[in-house]
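Take a look at the structure set out below.
Derivation of every value follows stated rules applied to the coordinates shown; laboratory data play no part. Note that the structure is a prediction, hence the values are computed from the model and not measured. Virtual Cβ from ideal backbone geometry, glycine too; neighbours counted across all protein chains shown.
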Amino acid sequence: MPKAQRERRERTDNYHVLIQWCQTPEQRLYEQIRPVVLYGIPPVERAQETGLAESTLRRAAAAFDTHGMMSLFRPTKA
C-alpha cells in the first residue's frame, strides 16, 4: 500500500491551529476570510477571533467576492 502524501489531521475550525498548518501567505489569507465569505460571519466577529483589523478582513472578503481565488495572490514584478 502506498504511503500517504499528507499527514492526516483532525478537522478543526480553530483559527490558531489552522494558521499553523498553512504553508503560504495565500493559504493564510484564505483561512482568515473563509468564515466571512463562506458562512457570512461578520468581519467584526472574525476580527475578534483572529486579532486582525476588521477593515483588512472586509477589504479581503470584498476582493474575494469580486475576483475569486485570484484576489489571494499578490502581483509580482515579473
Ascending count of other beta-carbon atoms within 10 Å, so fewest first, for TYR39, TYR30: TYR39, TYR30
Stretched fully, the stretch from GLN27 through GLU54 gains (0.36 nm per residue minus C-alpha distance, one decimal, in nm) 7.9 nm
Taking MET1, MET69 and counting other beta carbon atoms within 10 angstrom, the fewest-first order is MET1, MET69
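Report the net charge of residues surrounding ALA60, where surrounding means a beta-carbon distance below 12 angstrom and charges are Lys +1, Arg +1, Asp -1, Glu -1.
Local net charge: +2.
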Do any GluC sites (Glu not before Pro) in the chain lie in a loop, going by DSSP, with at most 13 other beta-carbon atoms within 10 Å of their beta carbon, and if so which? GLU7, GLU10
Residues whose built amide H sits under 5 Å from the amide H of ILE41, excluding neighbours closer than 5 in sequence, are VAL36
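Please give the contour-minus-distance gain from GLU45 to THR76: 0.36 nm per residue of separation, less the Cα-Cα distance, rounded to one decimal in nm.
Gain on stretching GLU45 to THR76: 8.0 nm.
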Label point distance in nm, ARG6-ALA62, each placed 7 Å from Cα along Cα→Cβ: 3.2
